[in-house]
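The values are calculated or read from the model by the stated rules, or taken from the named source; none is laboratory data. In this text the structure is predicted, and so the values were computed from the model without any measurement. As a convention, Cβ positions derive from the backbone with ideal geometry for all residues, glycine included, and neighbour counts pool all protein chains shown. Ligands, DNA and RNA are excluded from the accessible area calculation, which covers all protein heavy atoms including side chains. Shrake-Rupley method; radii C 1.70, N 1.55, O 1.52, S 1.80 Å.
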Protein chains: 2
Amino acid sequence: MLWSKTFIPTLKEIPEGAEIPSHVLMLRAGLINQVMAGAYTYLPLGLRALRKAERIVREEMDAAGAVELLMPSLSPLSLWERTGRDKAFGDVLIRVELKRQNRKVNSVLGPTHEEIVTDLVAHHISSYRQLPITLYQISPKFRNEERPRFGVLRTSEFLMKDAYSFDTSLEGLNRSYEAMYRAYCRIFDRCCLAYIPVEAESGPIGGEASHEFMVPANNGEDKIVHCAACGYAANLERAEIGPRRPEQPAVTEPAPLERVPTPGASSIDQVSRFLNCRPEDLIKTLIYLADGQPVAVLIRGDHEANENKIRRALRAKEIQLADPATIERVTGAPVGFAGPVGLKEKLTIIADYDIQFMRNAITGANEADTHLKGVNLGRDFNVERFADLRCAQDNDPCPRCSGILRLRPAIEVGHVFKLGTKYSEALSARFLDPSEQLKPIIMGCYGIGINRILAALIETTHDENGIIWPVALAPYEVVIVPVNVADEKSREAAFQLYNAFQKENIEVILDDRDVRAGVKFKDVDLIGFPMRVVVGERGLAQGNVEVKWRWEKAPQLMPLDKVVAEVSAWIREERETGARFKAALYGSNG
Amino acid sequence: MLWSKTFIPTLKEIPEGAEIPSHVLMLRAGLINQVMAGAYTYLPLGLRALRKAERIVREEMDAAGAVELLMPSLSPLSLWERTGRDKAFGDVLIRVELKRQNRKVNSVLGPTHEEIVTDLVAHHISSYRQLPITLYQISPKFRNEERPRFGVLRTSEFLMKDAYSFDTSLEGLNRSYEAMYRAYCRIFDRCCLAYIPVEAESGPIGGEASHEFMVPANNGEDKIVHCAACGYAANLERAEIGPRRPEQPAVTEPAPLERVPTPGASSIDQVSRFLNCRPEDLIKTLIYLADGQPVAVLIRGDHEANENKIRRALRAKEIQLADPATIERVTGAPVGFAGPVGLKEKLTIIADYDIQFMRNAITGANEADTHLKGVNLGRDFNVERFADLRCAQDNDPCPRCSGILRLRPAIEVGHVFKLGTKYSEALSARFLDPSEQLKPIIMGCYGIGINRILAALIETTHDENGIIWPVALAPYEVVIVPVNVADEKSREAAFQLYNAFQKENIEVILDDRDVRAGVKFKDVDLIGFPMRVVVGERGLAQGNVEVKWRWEKAPQLMPLDKVVAEVSAWIREERETGARFKAALYGSNG
């Protein structure tokens, strides 16, 4: 492609409203253009990168035996009512009223396609002989984002690969899940992302049934927990914590229990300021309703309660924080003054492991505007059970080894999930097994945000000059820059290289613009083509051109007659492995 | 691909609600599945065909120098208000209300993208140096169809290639238009469609500025006019008519003018029944408002007025049928009794050429419930001007040669259109010319309905057994059918062929189902793979297999060890030219 024949509107200034590097750089490099908040046009260079990511995803899905189809964005609301997801999605689901001759048809724009694909399978698959099958599509998805932001990371419209597996048994589901998991690893590896598969909250059928594929990044909206020593990784919701130890030798002398007035101080912050103590000296007492029954949950003041862990510890189907009336009834005090000592009603009390190391703690007194000091386990209160009930924090012990956990912000690029029979039961997707028994099909679902692959890559590998593309995703693999296009010899040599690279099936762009060399170099670095070939008058006089990988500091000279063969070989290697890119950007070749 | 590993839900029965062959066959062959009226899932085979059509379109767009981008479906309503197309589209435009944190955002789902692309260009192109450029995308479009029907021919959601050219001069626009026109011819030729480019109504900048690409088909919703002798073709709106001649020798004796009562008979049908005459004996007198001024337009009773021709003949910007009050004022009679004799107000009267041959005609008497008989031009009324004011009919003379015109139903698959400056002016897309003058960019737009390529092909080339695919669009190019998969030798030979075809990069599917041969043959013909290779026990014993193009009656024997080389060569030829398909289906090789 000649630069002058395509459309690359690079920007010098940082566009208004762009908050994070990937957003700024995608706009500045002329990859995308905003049509409205949360909706972007992919300009020619951006689209080329997007299509490359899409192709990698498609190739690996096909290689894993998944079968591609294409479902429409519009579907009837009635399908979503059958699974209850019209309500579960709430305002995120974009509704559309279609006007037909004599009536209106309520429909939705698909945020994902479980309902549509399950309905399809319900109509066309009826026997175990037709299973297993994994169906997938790569198509636009629509979600009403309350606050679209971070460029293409959070938009109302995005390109998603969604796959759905259909099996006759849990073992089958596990095989399908495993195949998708492995395909995801290959996809993100080929895209040269420094990704981590993390354990995520499991679905209704238990086990380690859900993984998210995360790319650690400063501006990531998600948080993951990671142990550098053994590789254990999980999202914050899911992350286990290793054996707890007291942080300091226990205070040997228990202080007497003391009632202190704390007028108006009900939050951890307020109480610790008022009593001049540290948050970790306090015990939070949270009153939950577990399947409707009130229980008390004790968490150290500086820790964050993890509702999934609490729900599992209570073996409840559903938990929620109790309403103020219930709290007042069971504690005898308004919200903010609950404590394990002297509850008005007899409740089940469970506590996070860290509670066991606390001495002379501070808790609510179950009385308005009052707290207790010198509270001690065993002497003043007892708990029914200790369990892991809180979210992991930086420096927590790893649950798998003797290492420590680190919290890192991350961008989610993929998610694999064992669904079980939720959708097949709601939508009557059943099969006859060999003994003619009718059973619900067992499903899994598997998503990848294609746009996010690009944003996550840029977010984690750019430098102060711009984007740095791996060959696998680059809009063009090689850019040829004649320093002075007005110089006939440079021009001729540049076009000669251009034609030769094309014959080698290298994706090449020639910057044929008649602008200052400085402008070209800035644009070329901003866009981040992996390989730059500079044709200068002085070099040419010696029969040389300069070649440089985007991630290298200095160019190297190469004879004009060798450059196409040499660079083409490098590019072909990089397409496959990305080894140079990974070594330079991540300090590794894997 | 193995048949058992993909998803091909063929149907034996004709699905309910499917009216035309392409719809019936796409459903029965397992190419598509209806999600709701006007929204279809493309199943694996249908998607493969769709992607092939898409790829041909993309290749030819790229070859023509157009640059691909991808605009979002969502865009702000405000953009559409600036061009007035929110009103022009009316209910066809699907509106979506996005809920943001504190406000609602009115947006639309793009039925086409003139506004979005022009706004993009307005922001990023400012100089003649950046022009010309043609931008295109292949993306879903959304239209609220009052009555979705005919399968994928008329849906609420469809895949469209839309291109937009931006030029600095009319000559530039003509070059861009010509390049797209030629690309369209190549596209439809490669897709093996028996298409005809027809002249369509021109835009505001005159000339033959619009063409539709039509595929004649019995169930087409459009009508085209075609001269087999010289190839002249136009849509019904646009078609000119050659020199008119009287259909029979003129009656020599003019009858006396006679006033006859026709109580309640105001339509052509009613009057001709009442007076026992033929519609062609009547003159319709239509009162139009041409830019607000009433005029009378005379059309023979059996002819259809063509408002575009009338507008041009009157040199008006806008015409519309007059309201009843105006009609009553200028004729002195209620609607249905107007005539050229004795109008109450003096009006401009223009007439279609055929009026000049009428003798003793019947017209309204400009009096309620009354008509005139024996009305004669010259004696009883005069007209200001004769012109071509009606739609063409079967057997009309060709405007270009001495042939005759035929009306044919057709399916529109593409449209090229010179837009001029309508959008660039409304959205301030301007450029500085070499003399630093600011001028509006001159635009063209070019659309292809990708789904319609498939439907039009199937509609015109199927037979009683099913679809007949050309190699260029076929979901798979070759199907291998082992008559009996339980026979080890057949199975082995089939898989051997399968692997060998794959090595030749032939798209091959192996019907490995353990079902009766009759079922397989029916399905294979229904889906319409172009080349069938049958591996039978008897043939194998002689070292032979049977090969047959889908459009041939009888198979031919071929030695097992020759078939891959021979068939692969055929397939590669057919991919390029489609010559065998065209010769068999259209009786020509072009």
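Below are the figures for this structure:
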{"quantity": "Scan of the stretch B:45-83 for residues that are open to solvent by 30 Å² or more (accessible area, probe 1.4 Å), in contact (Cβ under 8 Å) with a residue 40 or more places away in the chain and of a type in the set (Gly, Ala, Ser), ordered by number", "calculated": "B:ALA63, B:ALA64, B:GLY65"}
{"quantity": "Complete set of residues in the stretch B:34-63 that are among the hydrophobic types (A, V, I, L, M, F, W, C), in contact with a strand residue (DSSP E or B) (Cβ under 8 Å, 6 or more places away or on another chain) and not in a strand (DSSP E or B)", "calculated": "B:ALA37, B:LEU43, B:LEU47, B:LEU50, B:VAL57, B:MET61"}
{"quantity": "Residue among B:GLU412, B:GLU459, B:GLU492 that alone is in contact with a helix residue (DSSP H, G or I) (Cβ under 6 Å, 6 or more places away or on another chain), of a type in the set (Asp, Glu) and not in a loop (DSSP other than H, G, I, E, B)", "calculated": "B:GLU459"}
{"quantity": "The one condition in (1) in contact (Cβ under 8 Å) with a residue 24 or more places away in the chain; (2) surrounded by fewer than 19 Cβ atoms within 10 Å (Cβ to Cβ) that A:GLY543 fails to fulfil", "calculated": "(1)"}
{"quantity": "Any chance A:ARG28 is more than 11 Å from A:LEU454 (Cβ to Cβ), in contact with a helix residue (DSSP H, G or I) (Cβ under 7 Å, 6 or more places away or on another chain) and either basic (Lys, Arg) or assigned by TED's automatic domain parsing to the domain that holds A:ASP523 (or both)", "calculated": "yes"}
{"quantity": "Yes/no for A:ALA296 being out of contact with any Asp or Glu (no Cβ under 9 Å at 6 or more places or on another chain) and either open to solvent by less than 10 Å² (accessible area, probe 1.4 Å) or within 25 Å of A:GLU253 (Cβ to Cβ) (or both)", "calculated": "yes"}
{"quantity": "Residues of the stretch B:60-91 classified as charged (D, E, K, R) and facing chain A (nearest Cβ under 10 Å), total", "calculated": "3"}
{"quantity": "Residues within the stretch A:272-283 that are more than 36 Å from the chain's Cα centre (by Cα) and either in a helix (DSSP H, G or I) or closer than 20 Å to A:VAL297 by Cβ (or both), tallied", "calculated": "2"}
{"quantity": "Sole exception among (1) in a helix (DSSP H, G or I); (2) open to solvent by 30 Å² or more (accessible area, probe 1.4 Å); (3) within 13 Å of another protein chain (Cβ to nearest Cβ) for A:GLU171, by number", "calculated": "(3)"}
{"quantity": "Residue list for the stretch B:418-441, filter: in a strand (DSSP E or B), within 16 Å of B:VAL117 (Cα to Cα) and open to solvent by less than 80 Å² (accessible area, probe 1.4 Å)", "calculated": "B:LYS418, B:LEU419, B:GLY420, B:PHE431, B:PRO440"}
{"quantity": "Qualifying position, being within 22 Å of A:PRO148 (Cβ to Cβ), open to solvent by 10 Å² or more (accessible area, probe 1.4 Å), facing chain B (nearest Cβ under 9 Å) and hydrophobic (A, V, I, L, M, F, W, C), among A:MET1, A:MET36", "calculated": "A:MET36"}
{"quantity": "Test set (1) within 13 Å of another protein chain (Cβ to nearest Cβ); (2) of a type in the set (A, V, I, L, M, F, W, C); (3) over 23 Å from A:THR118 (Cα atoms); (4) out of contact with any Asp or Glu (no Cβ under 8 Å at 6 or more places or on another chain) - B:VAL57 fails condition number", "calculated": "(1)"}
{"quantity": "Spans of strands (runs of 3 or more DSSP E) in the stretch A:500-581 with at least 1 residues aromatic (Phe, Trp, Tyr) and under 28 Å from A:LEU25 (Cα atoms)", "calculated": "A:544-549"}
{"quantity": "Test for A:GLU16: is it surrounded by fewer than 21 Cβ atoms within 10 Å (Cβ to Cβ), acidic (Asp, Glu) and more than 12 Å from chain B (Cβ to nearest Cβ)", "calculated": "yes"}
{"quantity": "Residues satisfying the stated conditions in the stretch B:92-136, i.e. part of a strand (DSSP E or B), surrounded by 23 or more Cβ atoms within 10 Å (Cβ to Cβ) and at the interface with chain A (Cβ under 9 Å from one of its Cβ atoms)", "calculated": "B:ILE94, B:LEU98, B:SER107, B:LEU109, B:LEU135"}
{"quantity": "Total residues in the stretch B:235-263, condition of a type outside the set (D, E, K, R) and at pLDDT below 90", "calculated": "7"}
{"quantity": "Residue that is within 20 Å of the chain's Cα centre (by Cα) and under 25 Å from A:LEU47 (Cβ atoms), where the choices are B:LEU74, B:LEU98, B:LEU70, B:LEU50", "calculated": "B:LEU50"}
{"quantity": "Segments classed as strands (runs of 3 or more DSSP E), wholly inside the stretch B:341-404, with at least 1 members that are out of contact with any Ser or Thr (no Cβ under 7 Å at 6 or more places or on another chain) and among the polar types (S, T, N, Q)", "calculated": "B:348-352"}
{"quantity": "Subset tally (residues that are open to solvent by 20 Å² or more (accessible area, probe 1.4 Å) and in contact with a strand residue (DSSP E or B) (Cβ under 6 Å, 6 or more places away or on another chain)) for the stretch A:19-33", "calculated": "1"}
{"quantity": "Flag for A:ASP396 being over 28 Å from A:VAL260 (Cβ atoms), in contact with a strand residue (DSSP E or B) (Cβ under 9 Å, 6 or more places away or on another chain) and open to solvent by less than 50 Å² (accessible area, probe 1.4 Å)", "calculated": "yes"}
{"quantity": "Hey, B:ALA361 open to solvent by less than 10 Å² (accessible area, probe 1.4 Å) and under 17 Å from B:ARG244 (Cβ atoms) or not", "calculated": "yes"}
{"quantity": "Criterion violated by A:VAL225 - all others in (1) over 30 Å from A:ALA429 (Cβ atoms); (2) part of a loop (DSSP other than H, G, I, E, B) satisfied", "calculated": "(2)"}
{"quantity": "Of all residues in the stretch A:146-161 being in a strand (DSSP E or B) and of a type in the set (Lys, Arg), the one that is farthest from the other protein chains (Cβ to nearest Cβ)", "calculated": "A:LYS161"}
{"quantity": "Inter-residue pairs, beta-carbon under 7 Å, first in the same structural domain as B:ILE349 (by TED's automatic domain parsing) and in the stretch B:313-328, second assigned to a strand (DSSP E or B) and hydroxyl-bearing (Ser, Thr, Tyr), 6+ apart", "calculated": "B:ILE319/B:TYR288; B:GLN320/B:TYR288; B:LEU321/B:TYR288; B:ALA322/B:TYR288"}
